[in-house]
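Data first, discussion second: the structure below is written as structure tokens.
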Amino acid sequence: MFPLLPIARAASGGVAGDQGNGFDGVAEQQSSNPLDPGDPTSCDYWRYCGIDGFLCACCGGTSHSCPPGTHMSPITWVGTCLNPGDGKRYVISYNDCCGTNSCGRCLCNRNESDKPMVRPQANNDINWCLGSDSVTYNCSTAVIIAHDEG
Amino acid sequence: MFPLLPIARAASGGVAGDQGNGFDGVAEQQSSNPLDPGDPTSCDYWRYCGIDGFLCACCGGTSHSCPPGTHMSPITWVGTCLNPGDGKRYVISYNDCCGTNSCGRCLCNRNESDKPMVRPQANNDINWCLGSDSVTYNCSTAVIIAHDEG
Amino acid sequence: MSKIVKMPTHPLRLVPALMAAMCALLGVSLAQLPVEPAPNVETLPEKYPSSWLFAHDLAFYALATGRVYIVDPTAKTSDVHGMVDAAAFASFSYSQDRGELYVAETFYTRGMRGDRTDFLTIYDMATLAIAAQVELPGAKRSLSVTQKAALQVTRDGEFLLIYNFTPAASVSIFDLNKRKVVNDIQIPGCSLIYPHGDKGFASFCADGSMIAFDLDENGKPLNEYRTVKFNDIDADPLFMKFATDDDVAYFVSYKGFVQPVRLAGGEPEVLDRMYLGGAVRQTSYGAGARPAGWQVITQDRSGKIYVLMRPDARDGDHKSGGSYVWVFDPKSGRVIREIALTGNSISIEVTGGRNSKLVATNEAMFLDIYDLKSGAHERIIGGWGPANPFALHAVQ
Amino acid sequence: MSKIVKMPTHPLRLVPALMAAMCALLGVSLAQLPVEPAPNVETLPEKYPSSWLFAHDLAFYALATGRVYIVDPTAKTSDVHGMVDAAAFASFSYSQDRGELYVAETFYTRGMRGDRTDFLTIYDMATLAIAAQVELPGAKRSLSVTQKAALQVTRDGEFLLIYNFTPAASVSIFDLNKRKVVNDIQIPGCSLIYPHGDKGFASFCADGSMIAFDLDENGKPLNEYRTVKFNDIDADPLFMKFATDDDVAYFVSYKGFVQPVRLAGGEPEVLDRMYLGGAVRQTSYGAGARPAGWQVITQDRSGKIYVLMRPDARDGDHKSGGSYVWVFDPKSGRVIREIALTGNSISIEVTGGRNSKLVATNEAMFLDIYDLKSGAHERIIGGWGPANPFALHAVQ
């Protein structure tokens, strides 16, 4: 059967720190930085607390960079996630990578900060490639843009 | 997991006459004509002995007609299949239905008369929508065009 | 409809006129089972039975190639009657009166790239042939996970309303008689479309209010209304999926409140909210159960509201799906029934006709078909590969 | 590379220049983990390691959206390095010398319909940016399940050869320096493309022969050759997939014969055929084992030929896949080794480098990675949804 958009996390199994990223056929990537713990190819990686899509880290990108040949969306939505490495909350920008067909690997949906579309800047149902040269969606990143002091 | 193109028959399970068409989530269609036995939504239906694709009978068409909104390809390949209803061989034309995206249901691949592409009129690897208004492939039919006296 | 390949002498050409020659070539003659005509393409009724359903596939693994399947949940055979394409986060609607399907979609000249054009594609319901393809100017159509409120027909059937987001928000008014966009209405800070009166629409706004418009016959606003702020987006936002009973739209909140809004034209009327969990009767779960999934709310033909519920839901679970459907009677303000699903599901819809069904998109992306009267699970419909039928439209 | 949305005053705009303002708005400051730059896009080496592999996805569930994944079967992390689109039964090739990937593909102006245009898309290997998109006239590109022989670079690296089928068969000669089609050569009754000499190609013909051409620098035939009829298409046809060792192309037949053909330019030399089954050494299966699958044959860098074998195969099983790989030494005419796969597989390829792998596309459409030396199954690569990686191209 197929991993699904809104419930893809269930398909990923395990939690941060467990063995395996939960995606059959995808190589793991353990972080070497204790301040940034976890596996960017796992749906349980801390930064992905509000992500919805294919993880770029499984697609030739990283947690915060796009695969070669795609464009990073200039506009997107932001949420905050708790980093278990330092116990602090970070502001995460979920930039989509755009211009080629869906990567198809590591589908992950988490909605910790997600609000309905009426607040677009806090919503992950929107195709944030809308501001790119091509609105075609390839994968999603989770870029640290600030430390949440709030 | 996914049914596959060249080995999709394995995924269909069962044989003609067994209960079930082998495709989860697809309604059965038992023939009422003893001369044309079997289920057109099953990969094991006798006419499909050389088919490669989505069965139109699962997509809004029948074993020998296209779903609404598609176009039947004017050219295609032909093979012969043995009809267990009368013990005779029929010449079957595997016309593709074209113009919309893949139907996605009842993927079936059998190769009883299939020859390599060097003999295109006996080959099912070719997209036979090539002669249609749009080469986009939706599903495949198996049309009786003659009785094989050979 | 098929075009004959322009190669008159090629031996592969297999058109009816050449079939006799072909048969002679192969040493064959007519068989006991009759030779079948080609080309041969099926058609559909001009109006679809109210037992049917449109299942709109987002196609997350290949977004340019979404589809809308035409499904009959009551069929013993032929449970899928056809499909139309719906490209790139398309939105879908239809009109039984006009016998037309509407797909607002986006194309690129070179597949995933090149120049973008947005189209409204109009299909004839009987043939699924394209009746018209009208370009939507401005490359501004909203692109999101498929949902009904992105494309709505006004209640009088005259206008199709298309939601745009660039991220500037607007609504294009498409005249279904003239088959063209007759107006664009800016709705800054507001989102999506809900029918309002005979010829108008409402939208949710980021400050917690709704905005609403009455339209004239040219699609120009006659009046514009703004409600009080009733949607607490920070603490307990309303899902933007909706059910309707006559002119009342029903919404549910993350935490399980039901919010009716009368959208009858003129000033929208924000009605009293009710608490699903506080009015439970004969349900397995009380506290901790919350609406969760994608299309979490729908209605039957008698005006009962159906809400997809997740037991023991936590913050962030609002799209994780549910395994119970609560049937809410807006007249009594009570949950009058609970239907246990066979597993976690993400979208629900109720079909009409004498043989009404509750249809739920399950985790495997198959449709579970439940008899509405008994709640019994009858069968599954699916087997459509990677399709994601998130939006379900019962034929009205 | 990203275009800034033309809405300078909209609050959603999140470009680096506005980030400070955004942070202020949200009441945040710089964190312990550093703020990361955006946009941020990865690049690849200008030449790819010989351990890498291209996995070409037919995308049978959405044919307009095929893909070529760039895979490293030796990687402990980052096993997929990126992808390029490959639309509508595309064909794929590449040139390490030029640092280019080539995709011959087909687009419609409106997704699945409208006007057809065929393109050769040229990608820069380091950036996967499009270096050129050249229209291929005539809407005649061959559309079939993905295979290598539909698109080949001549051995001198000057021409890309594109197979056309309408059903009239021809080969377009694309000059990679001029980036344009310089000639079309009709090959009536013949199919697909195999490199021949430095600058030429051969094709299989329906009468059982091969045709071959030497080309001049303008892509015009200098000479045309026709072999004897050696391919018994009725009784025991040759698969049209091929392996190569220097200038000899190897084919296998449905029943397990190995047919070498020297394609060195000039008159093709049909060499003695050998029987796989008749020369078995240390294999589990003898009689009844036949080649079966899609990409059923490949080679390693030492010139050994690998054939995917199905035990107890029957007529009609030729695409059903196999669970053993037989390693054939053309010098001795013997099968010198058998590699047991972990399950039924349909395509095989052998990668280069010090750490060579046997890669097999299995029934679940994942790649099984076997150590070539030991034959041990090391891991799987996949998880790419409905992808169908039927054609595997080891980087040479």
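Only the coordinates and a few stated rules stand behind these numbers; no lab work does. Just so it is clear, the model here is predicted, and its values are computed rather than measured. Positions of Cβ are backbone-derived with ideal geometry, glycine not excepted, and every protein chain shown enters the neighbour counts.
Estimated purely from DSSP H runs of n ≥ 4, each contributing -39500 (n - 2.57), the mean residue ellipticity at 222 nm for chain C is -1000 deg cm²/dmol once divided by its residues. A straight line joining the Cα centroids of segment D:148-184 and segment C:239-275 runs 62 Å.
Taking the alpha-carbon distance from D:K373 and a cut-off under 15 Å, which aspartates and glutamates remain once sequence neighbours fewer than 8 residues away in the same chain are dropped? Partners within reach: D:D300, D:E338, D:E349. Each principal axis of the Cα cloud of the protein assembly as shown was taken in turn, and the coordinate range along them, longest first, works out to 88, 71, 51 Å. For the peptides D:357-370, D:188-201, D:305-318, residues were scored by their other Cβ atoms within 10 Å and the scores averaged per peptide; the highest-first order is D:357-370, D:188-201, D:305-318. Rounded to the nearest 0.05, what FRET efficiency do C:D234 and D:Q186 give with R0 = 60 Å and r taken as the Cβ-Cβ distance? Could you check? So, using R0 = 60 Å, E works out to roughly 0.30.
Phi-derived couplings, Karplus 6.51 cos²θ - 1.76 cosθ + 1.60 at θ = phi - 60°, listed residue by residue for segment D:196-201: 9, x, 6, 9, x, 8 Hz, with x used for Gly and Pro.
I want to verify a result. In a Gaussian network model of chain A, Cα cutoff 10 Å, which of these has the top mean-square fluctuation: A:C59, A:C139, A:C108? Result: A:C59 has the largest fluctuation of those listed. The phi-based Karplus calculation (6.51 cos²θ - 1.76 cosθ + 1.60; θ = phi - 60°) puts the 3J(HN,Hα) values of segment C:66-73 at x, 8, 10, 8, 9, 10, 10, x Hz, whole numbers, x for Gly and Pro. Sorting the segments D:230-239, D:152-161 by their residues' average number of neighbouring beta-carbon atoms within 10 angstrom, most packed first, yields D:152-161, D:230-239. Taken along its three principal axes, the alpha carbon spread of chain D comes to 78, 48, 36 Å, from the longest extent down to the shortest.
Around the amide H of A:D133, modelled in the peptide plane, lie the amide H atoms of D:K3, all under 5 Å away and 5 or more residues distant in sequence or on another chain. With neighbour counts taken as other beta-carbon atoms within 10 Å, the residues D:Y225, A:Y45 rank, fewest first, as D:Y225, A:Y45. Summarising the amide proton neighbourhood of D:G82: residues at separation of 5 or more, or on other chains, whose placed amide H is nearer than 5 Å comprise D:I70.
A straight line joining the Cα centroids of segment B:47-75 and segment C:62-117 runs 19 Å. Computed over chain C with a Gaussian network model linking Cα atoms closer than 10 Å, the most mobile of C:F60, C:F242, C:F89 is C:F60. Cβ crowding within 10 Å, taken as a proxy for footprinting-reagent exposure, orders B:E149, C:E349 from fewest neighbours to most as B:E149, C:E349. Partner lysines whose Cα lies under 20 Å from the Cα of C:K220, excluding those fewer than 8 positions away in the same chain, are identified as C:K140, C:K178, C:K180, C:K199.
In terms of its alpha-carbon gyration tensor, segment C:71-202 comes out oblate; a/c meets the 1.5 threshold, while b/c is at least as large as a/b. Counting only cysteine Cβ atoms and a cutoff under 4.7 Å, chain A contains no unmatched residue. Here is the list for segment C:212-312: GluC sites (Glu not before Pro) lying in DSSP coil, each with at most 14 other C-beta atoms within 10 angstrom of its C-beta, are C:E217. For the residues C:N177, C:N223, C:N164, a GNM of chain C with alpha-carbon springs under 10 Å puts the largest fluctuation on C:N177.
Ordered by the number of other Cβ atoms lying within 10 Å of each residue's own Cβ, fewest first, A:T100, D:T227 fall into the sequence D:T227, A:T100. The HN-Hα couplings worked out from phi for segment B:43-55 by the Karplus form 6.51 cos²θ - 1.76 cosθ + 1.60 (θ = phi - 60°) are 5, 8, 3, 4, 5, 8, 4, x, 7, 8, x, 7, 6 Hz, whole numbers, x standing for Gly and Pro.
May I ask for log10 I(q)/I(0) of segment D:246-360 at q = 0.16, 0.17, 0.21 Å⁻¹, from a Debye sum over the Cα atoms as equal point scatterers with solvent left out? Result of the Debye calculation: -0.69, -0.78, -1.15. Across the identical copies, the label point of C:K47 (7 Å from Cα in the Cβ direction) is separated from its matches by 7.2 nm, in order from shortest.
The label-point distance for A:S31 and C:E378, in a model that sets each label 7 Å from Cα toward Cβ, rounds to 5.1 nm. To the nearest ten degrees, helix C:16-26 and the longest principal axis of the Cα atoms of chain C are 60 degrees apart. Treating the Cα atoms of segment B:46-147 as identical point scatterers in vacuum, please give the log10 of the normalised Debye intensity I(q)/I(0) at q = 0.12, 0.13, 0.17, 0.21 Å⁻¹, two decimals. The Debye formula, applied to the Cα set alone, gives -0.33, -0.39, -0.67, -1.01. Within the straight-line cut-off of under 25 Å between alpha carbons, the lysines reachable from D:K255 are B:K115, D:K148, D:K229, D:K241, D:K304, D:K319, D:K331, sequence neighbours fewer than 8 places apart in one chain being disregarded.
Remark: label point of C:K331 defined 7 Å out from Cα along the Cα-Cβ vector; separations to the same position in other copies 9.1 nm, ascending.
Counted residue by residue at 0.36 nm each, then reduced by the alpha carbon distance between them, the extension gain from C:A340 to C:A131 reaches 71.0 nm.
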